[in-house]
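A short worksheet on the structure shown next.
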There are 4 protein chains.
Amino acid sequence: MDEPTWVSRMTLPLSIASLVYLAAYSWLVIADLVGPPRTVALVLVAVTWIFFIVDYVVRLTLAEDRWRWFRKHPGALAFALLPVLRLVLLLDRVTQLPGLRRTRGAALRTGIAVYGGGVVVVLVYLASLSVLEAERHAPGANIVDFGVALWWSCVTVTTTGFGDYVPVTMAGRAVAVGLMFGGIILSGIITATLASWILERASRGHDDEEPATRGQARAILARIDGLAGPGDPQGPGASHG
Amino acid sequence: MDEPTWVSRMTLPLSIASLVYLAAYSWLVIADLVGPPRTVALVLVAVTWIFFIVDYVVRLTLAEDRWRWFRKHPGALAFALLPVLRLVLLLDRVTQLPGLRRTRGAALRTGIAVYGGGVVVVLVYLASLSVLEAERHAPGANIVDFGVALWWSCVTVTTTGFGDYVPVTMAGRAVAVGLMFGGIILSGIITATLASWILERASRGHDDEEPATRGQARAILARIDGLAGPGDPQGPGASHG
Amino acid sequence: MDEPTWVSRMTLPLSIASLVYLAAYSWLVIADLVGPPRTVALVLVAVTWIFFIVDYVVRLTLAEDRWRWFRKHPGALAFALLPVLRLVLLLDRVTQLPGLRRTRGAALRTGIAVYGGGVVVVLVYLASLSVLEAERHAPGANIVDFGVALWWSCVTVTTTGFGDYVPVTMAGRAVAVGLMFGGIILSGIITATLASWILERASRGHDDEEPATRGQARAILARIDGLAGPGDPQGPGASHG
Amino acid sequence: MDEPTWVSRMTLPLSIASLVYLAAYSWLVIADLVGPPRTVALVLVAVTWIFFIVDYVVRLTLAEDRWRWFRKHPGALAFALLPVLRLVLLLDRVTQLPGLRRTRGAALRTGIAVYGGGVVVVLVYLASLSVLEAERHAPGANIVDFGVALWWSCVTVTTTGFGDYVPVTMAGRAVAVGLMFGGIILSGIITATLASWILERASRGHDDEEPATRGQARAILARIDGLAGPGDPQGPGASHG
């Protein structure tokens, strides 16, 4: 079996697995499970996570050039490490709406906006769950319910940092560091996308003032060869730029 | 009636409605109205808001291609959701000042700066009203007068977050999340506009070193055809790039 | 007298005035003057400030097209409002160092970096003085010595906002709002300058792959006319694109 | 001896010296040394630092054009001031991985990402050591162990500024100012690199629509000269643009 076949067969199972992962982890943390229900939720989280890692390893094994495949599929690695990110793929439909993909630049920016927004929502939700799990039972912690954890995640990912709620555990602070650096990258993506849009708008003008294209240069060369005429086989038209 | 006719007829009523909306909402919140005056102010806010939503629905209905109209008029949707944003349109005059629109890029940047600045002022003012309305009577809240609410909005929209004043209600925190993400987008717009200006300045130089234009390429093709001469109708000049 | 003559005659007096302004204001605030010395310092600040405003009005009056002069000289307006900003002009020498102005883009970026850095230093220093003057004797204020004021200004201009020191007066908060928005514009300028540098570096490559220039297009047109020959006055070379 | 010979001979000694510097400074601060061990660590730090400064002075002396060498080697100056930064050079290998340097822009961005990431890690680590050394024994300080110092450095470099831990000494605040401005430059570099990537992606399209190249323009000129023919030595092909 080759890698594309594997990918197409695994699409549905992996979508279901990412939903199971999200539901089990949310249930585990928000309900603050103890005893047997906690064990059940932990097993569900572990099994779905392992499922994603196995999928990644199988795809890497099936690839013809593994180092090349590894470089070309950072998204697959991100899905293996954080399975719920795969839910962002459901936004695929939005980027396909008619009229949103006119130019290459517009299509790229629409994709960045839609998937970028999706990644932010998923990361803020996951970070809220993780920080709540880490902090809830720590002495001196004040991030002890899910509403507060969500509020704290938003304050942190935008690098606002009011300081009304602050993590006190190693795990909670690791989540915070991820959110803060993630927030800087997020704001960089927003700015860069806006810059691309403004630059495209600013340079769009009269067609006669756009840079001459390579196609036009080739047309000029062909025209000159035409001048030399069909009765001139030793003419200068041997190789076309 | 077609959509442009409707738009031109509604310009004045909508401008008045946005002023009424702003005045009624400011009065309601800053004076902390109770009893019958509160009811009057709430009715004024509701009626003007509904007026804007009706206007949006009518324009969408009158449009020939509704999906296309929906995509092309995000501003109209923003006005329907936040009527006071329409006040920003009064800045129209500023962007028309002589000498500010020389190049296409300069006109775009002037527009972004003027409307962007207007949107920031209106949003910070509205956010101050909303957070004050949400927090004022909540237990443990410290954003309890309009001056403090304005100060807190500026600290939040710039993602500084001193933490001297912090919202404690769900509604107040929702306003904060809007301000923080709005602030990131605002700083992205400023950066992207500056980048466009620097790139235009850096590339502006000797005309001979600018990229050749499509107009020049067409001129070259025409000149070659001229070489072939008018007495050569079967010449290579059949179709021009 | 025309405007350039006025400017050249006022260069030295204005430089001295900006130093007097800075010294008098620093002395007034840092030494927390009272009684006659305070009056002397206030008079010095007022006189130098008025001197700058008069200079601006005279230049505006002498200009041929006043509206055009107003638009073209935002720096002169900034100097009139904040005389010490003029000290930044002393950095002129730095941008003239040999080897720093090779390309047009490099010269622009060097200028932005040198003057931008100078403006940040001057603004942080001025903001520290202003916030100290505003807060020092206010009840409940904690920005009460110059070292703390400098530290607070740096924390605010970078939009970090630790919250260990926070202004409590209207004037102090106005300074903070200026610093926070100034900081966002500052970080935008840094980012945009870096983006311009990276884009220039990324596109610099083999000369054959650079876009064809307008000069080359003109050379091609001239060459084609040469083909038609000097004995062909009715040739196609009538007008050159 | 010329400068390149010196550089190649000093590569290994300087790498060892930067590791010794890092180990001695870490040991000094984290173990909070007193008495003779502190003296040993301080001597090691001083000796390695002086070694780096001597290396810089020797290279500057050996250079043919010293002012030019000074401008062209800001990195060497940075290594002399902060020897551990030299560890970042070990990341050299990463940027050489196959497949990461396809286009000039991609190679530049890979280099920025790898070295930029390395510089951030080294600076955050060094800042944590420095702030801990400065604050640990100060009255009223709360940054008193290395874990807290690391957490505080991350919160500061991202300009989040929760305010749960804040430096109170002059030296600690100087470290903070460096981190905050460094963080703004860091986020500027991230944004500018992303912008370069998006702009390259957005403009990459059908080859026929790329701007015509200078190489093509030269090919056209050569072709026209070919038309004039080898039997036309006085032809217009004398000088090629």
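Numerical summary
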quantity: Residue match in region D:201-212 (condition: touching a Leu at 6+ places or on another chain (Cβ under 7 Å), at pLDDT below 95, surrounded by 19 or more Cβ atoms within 10 Å (Cβ to Cβ) and more than 9 Å from chain C (Cβ to nearest Cβ)); calculated: yes
quantity: Members of region A:169-182 that are more than 7 Å from every other protein chain (Cβ to nearest Cβ) and either under 26 Å from B:Ile143 (Cβ atoms) or in a helix (DSSP H, G or I) (or both); calculated: A:Met170, A:Ala171, A:Gly172, A:Ala174, A:Val175, A:Ala176, A:Gly178, A:Leu179, A:Gly182
quantity: Qualifying positions in region D:14-58 - among the small types (Gly, Ala, Ser) and more than 20 Å from D:Leu90 (Cβ to Cβ); calculated: D:Ala31, D:Gly35, D:Ala41, D:Ala46
quantity: Which numbered condition D:Val157 fails, given (1) touching a residue at least 24 places away in the same chain (Cβ under 8 Å); (2) over 23 Å from A:Val175 (Cβ atoms); calculated: (2)
quantity: Pair list, Cβ < 6 Å and 6+ apart or interchain, from region A:129-150 residues that are assigned by TED's automatic domain parsing to the domain that holds A:Phe162 to residues that are part of a helix (DSSP H, G or I) and among the acidic types (Asp, Glu); calculated: A:Ala141/A:Glu135; A:Ile143/A:Glu135
quantity: Exclusive hit being modelled with pLDDT under 85, surrounded by fewer than 16 Cβ atoms within 10 Å (Cβ to Cβ), within 30 Å of A:Leu199 (Cα to Cα) and not aromatic (Phe, Trp, Tyr), set B:Arg86, B:Arg71; calculated: B:Arg71
quantity: Test: D:Leu129 is within 14 Å of chain A (Cβ to nearest Cβ) and within 23 Å of the chain's Cα centre (by Cα); calculated: no
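Residue-by-condition table, conditions (1) at pLDDT below 80; (2) loosely packed, with under 15 Cβ neighbours inside 10 Å; (3) within 14 Å of chain B (Cβ to nearest Cβ):
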site: C:Ser15; (1), (2), (3): no, yes, no
site: C:Ser18; (1), (2), (3): no, no, no
site: C:Leu22; (1), (2), (3): no, no, no
site: C:Val34; (1), (2), (3): no, yes, no
site: C:Val40; (1), (2), (3): no, yes, no
site: C:Leu81; (1), (2), (3): no, yes, no
site: C:Asp92; (1), (2), (3): yes, yes, no
site: C:Arg104; (1), (2), (3): yes, no, yes
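The values are calculated or read from the model by the stated rules, or taken from the named source; none is laboratory data. Just so we're clear, the structure is a prediction, and the values are computed from it rather than from any experiment. Backbone-built Cβ (ideal geometry, glycine too); neighbour counts: all protein chains shown.
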